[in-house]
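Contents: one structure, followed by commentary.
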Amino acid sequence: MTVEQEIRDTDDQFAAAFNRGDIAALVAMHAEKALLLPPDSPMEKGGKAVEAGFTELLEAGWKNLKFTSVEIGSEGALAYHVGKYSADVPAKGGSHEKVTGKYVDIYKRDPDGAWKICVTMFNSDAPLPT
């Protein structure tokens, strides 16, 4: 399997885990000392930060996360992935609104051969609904 396909498969697994609320699976896709760079928030590091960051989104009511790859590249044990996302987020009146955004993930191959996200940065294309 190519690196590109492995990264695309990880995206599919990530979206599926997020949409079913499987925080443990999301954390497992990240390196032990992963950096999470969310919008409008300080940088966080490590599995607890990854867990807290994605728990916050799920508890806020984010759902139906989808990814579209834009570019994937690799050199040796490092790879990057640039893409777009869409998700339904809570809006006024208890409804949900579709939002779009972009992300960059940097992957590192673990000694066991698995690709793990070691840096993830994302933000929306427009302000989130209030």
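The values are calculated or read from the model by the stated rules, or taken from the named source; none is laboratory data. Since the model is a prediction, treat every value here as computed from it, not as a measurement. As a convention, Cβ positions derive from the backbone with ideal geometry for all residues, glycine included, and neighbour counts pool all protein chains shown. The area values use the complete protein model at the heavy-atom level, side chains included, leaving out ligands, DNA and RNA. Shrake-Rupley method; radii C 1.70, N 1.55, O 1.52, S 1.80 Å.
If you wrap a convex hull around the C-alpha atoms of the range 69-130 and split its volume per residue, what is the figure in Å³? Kindly include the intermediate steps, with their values, before the conclusion.
Values: hull volume 5.4 nm³, N = 62.
Taking the convex hull of the Cα positions in the range 69-130, it is 87 Å³ per residue.
Counting other Cβ atoms within 10 Å, which trypsin sites (Lys or Arg not before Pro) in the range 1-99 have at most 15 and lie in a DSSP loop?
On the way: sites: ARG8, ARG20, LYS33, LYS45, LYS48, LYS63, LYS66, LYS84, LYS92, LYS98; in loops: ARG20.
The qualifying sites are ARG20.
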If DNA, RNA and ligands are ignored and the probe is 1.4 Å, what is the ranking of VAL82, VAL89, VAL70 by accessible area, most exposed first?
VAL70, VAL82, VAL89
Determine which residues of the range 105-130 fall in the zone a paramagnetic label at LYS92 would reach in this model, i.e. backbone nitrogen under 19 Å from the point 7 Å along Cα→Cβ.
126-130
Would you pull out the residues with amide H under 5 Å of ALA91's amide H, same chain only if 5 or more places away, H placed 1.01 Å from N?
HIS96, GLU97
So what's the angle, to the nearest 10 degrees on a 0 to 90 scale, between helix 3-19 and the longest Cα principal axis of the chain?
30
Nearest-ten-degree value, helix 47-60 long axis tilted from longest Cα axis of the chain:
30
Using alpha-carbon pairs under 8 Å, 6+ residues apart, how would you state the relative contact order of the chain in percent?
23
Give the dimensionless ratio obtained when the Cα radius of gyration of the chain is divided by 2.2 N^0.38 Å.
1.03
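Can you tell me the accessible area per residue over the range 1-99, all protein chains present, probe 1.4 angstrom, in square angstrom?
Working: 5720 Å² over 99 residues.
Computed with neighbouring chains in place, this is 58 Å² per residue.
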Check HIS30: other-chain or 5+ apart residues with amide H under 5 Å from its amide H, H built from backbone geometry?
ILE117
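For the range 16-91, run through the chymotrypsin sites (Phe, Trp or Tyr not before Pro) and keep only the ones in DSSP coil with at most 13 other Cβ atoms within 10 Å of their Cβ.
Values: sites: PHE18, PHE54, TRP62, PHE67, TYR80, TYR85; in loops: TRP62.
In loop regions of the range 16-91 (DSSP not H, G, I, E or B), there are no sparsely surrounded chymotrypsin sites (Phe, Trp or Tyr not before Pro).
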Under the 0.36 nm per residue contour assumption, what length would be gained going from the current alpha-carbon distance of ALA24 and VAL3 to full extension?
5.2 nm
Any chance you could check the Cα centroid distance between the range 1-19 and the range 55-70 for me, in angstrom?
14
